[in-house]
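The values are calculated or read from the model by the stated rules, or taken from the named source; none is laboratory data. Computed from a prediction, not measured in an experiment: that's the story for all the values here. All Cβ positions, even for glycine, are placed from backbone atoms using ideal geometry, and neighbour counts span all protein chains on display. Each accessible area value is taken on the protein alone, full model and side chains, heavy atoms only, with ligands, DNA and RNA left out. Shrake-Rupley method; radii C 1.70, N 1.55, O 1.52, S 1.80 Å.
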Amino acid sequence: MSSDFVMTTRLIWKRAWPLALGWVAAFVPFPYVFLKVKAYLEGVAGRGNTEIFEFGFLFSYYMLLSSLVFLGISVAMTTGFQKYFLRLPIPSRTIASGMMFTAVTLFLSMQLLTNGFYRLLFFDQNWLSDYWPLTGTLLFLVTLTLVGYAVYWLMQAPTLTRLCASVELIGGMLFWFLSRFYPDGFGGAVVPWTRVTPGEGAAMLGVSLGAWYLGTVAFAQIRSGTAVPGPAWELMKQWWNTLAVGARSDRETDPCSQTAIATLKQVHWRNSCRSGVLIGFGLAGVAFCCNLAAFFIWAKPGAYPRPVYILPVSFLTYLFLQFAALVLLLKQAYSVAPQPKQQIKDYWVTVPLTDRELAAALLQNILKAGMLVLLAMIPVGAGGSYLLYALIQGLGVISSDWQWLVERQLVAAAIGVVVVAILSYWSAMLNFTALCWFPRRSVSLWVVASLFVLLLISVTVSELLPVLWTPLFLLDACLIWGVTVLTFLHAYRSRLIGGKTIWRLTLFSLLLCIAFWYFSRPDLFVMSGFLVFTVLPFATIPLVVSWNRHR
């Protein structure tokens, strides 16, 4: 038993630790560089107010994002070996226990190592202990990991009962976890969870043991082939396929009566866009509920200053917007090439269209899907929740908020923040889609790594020699603009884009730079050069489509 358990866990851990160290390194230098840039910009403007930024950025960056990423890496590394373990002559309970144990150990190692670096680089030895103690948080996340494994294996043979029970259990756990930080109710002040009571420890231990038992039983059923989905689930799955993929409308559509471009766009939309848009609409509904709750919690008269509600609502809206962008990206990542080392899908090669028409059709679908999700997230998720809150509390809320923005001359700043958020959304989705469509995925990884190394070197050298700050970042901006110009020229000479596209995007980029120059300080003009990434995909996506089609 012990030798089987060791063999089950050793293979995973042997291949997991380089990736774990890489993600720990990613979560330490990036905020370090970002804080140095922020400190310099605030020093130029005569503001040394970095403590709020450290609390708002580092705290949420480390506590929320790192926890989600570390949990995802830990689970993905173990579930990736599931098919291999199914063939081993080892009891199912041993395999499932080894996978759970490895995931928990990997997660705890990454979390503790990152926490140690943050204590050394950013905070003193008591800061994290006072604001985010590790004991209760890590115990809860370990429990959540084991519950996630149990749910994952139970949902391999899904039923509506299992689905409802899983959603209620995970939702209840998250609600209970948040309530630990609000002992006086969600309208009260945030109090760190500094002490884990015996009752809380026993509850998490009981849930962990129950999740371990259910997970091992479900894994054994999957391995033996006795796990069967419920009949109600099969009916719901058929309904979803009809809605998301359009299986029923396929029989009602006559492709011969349509043009090749319209048929191609319809196929690509059904296969890679429609389900992502539906999920984005669902995330917009979740954002609507969360924002509405945030309004009632943070906008109570007399409880907090009036503008405080802007921060949690903005954070929640942008968070769900990035989740939606990630869903669309995952849907588009394998829409051209199914696997990194495989050739382009056959119907993209045989379709009677030129490379320019093919790339334009794909790009139009991506823009349409992204625009629908954006319209659902911002006007509905943020604006709809605010309007409903104003209708409940009285329309005077809108006039008072507008007056507060006008009195403090923050209207232009608010518009600028919204514009930057929208541009970052488009830039992230389109650029990563282009990187995923590269014929060789190693090239895309080298591109991302080189940009990060370039920024890291520039910040480090400029910190040691402040006189080189402006020349270095001017050089970086010129390098990025130069690569962009060469990319557009190559796409134009390959007849993948037209002259009108170049002129329109050039005018758009100039207007953005002028706007940032007018509304921001002159030293931020260099940073506006990085807005070129919002127009770069209009050249890179046609190029990668052509490269995939003719390689």
- Item | With DNA, RNA and ligands ignored, accessible area of residue 17 (1.4 Å probe; Å², nearest 10) | 130
- Message: Apply the Karplus curve 6.51 cos²θ - 1.76 cosθ + 1.60, θ = phi - 60°, to the phi angles in segment 416-424 and return the couplings in whole Hz, x for Gly and Pro.
- Response: x, 5, 5, 5, 5, 5, 5, 5, 5
- Item | Added length on full extension, which subtracts the Cα-Cα distance from 0.36 nm per residue, residue 196 to residue 93 | 34.0 nm
- Task: Rounded to whole Hz and in sequence order, give me ³J(HN,Hα) for segment 283-298 from the Karplus expression 6.51 cos²θ - 1.76 cosθ + 1.60, θ = phi - 60°, writing x for Gly and Pro.
- Result: 5, 5, x, 5, 5, 4, 5, 5, 5, 5, 5, 5, 4, 5, 7, 9
- What FRET efficiency comes out for the pair residue 278/residue 357, r = Cβ-Cβ distance, R0 = 35 Å, nearest 0.05? 0.80
- Query: Taking H as built 1.01 Å from N, whose amide H comes closer than 5 Å to the amide H of residue 180, not counting residues under 5 places away?
  - Reply: none
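When Rg is the radius of gyration of the Cα atoms in segment 384-449 and Rh is its Kirkwood radius, what does Rg/Rh come to?
Rg divided by Rh gives 1.31.
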- Query: How high is the FRET efficiency between residue 400 and residue 514 when r is their beta carbon distance and R₀ equals 45 Å, given to the nearest 0.05?
  - Reply: 0.85
- Query: If you stretched the chain out fully between residue 226 and residue 152, how much longer would it get, using 0.36 nm times the residue separation minus the C-alpha to C-alpha distance?
  - Reply: 25.0 nm
- Given the Cα-Cα distance of residue 11 and residue 412 and 0.36 nm per residue of separation, how much length would full extension add, in nm? 138.8 nm
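If packing is taken as the mean number of other Cβ atoms within 10 Å per residue, what is the order of 407-418, 134-145, 324-335, highest first?
Per-residue Cβ counts within 10 Å, averaged per peptide and sorted highest first, yield 324-335, 134-145, 407-418.
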- segment 352-478, accessible surface, carbon-and-sulfur percent (1.4 angstrom probe): 77
- Task: Would you kindly find the accessible area of residue 184, with a 1.4 Å probe and non-protein molecules such as ligands, DNA and RNA excluded, rounding to the nearest 10 Å²?
- Result: 120
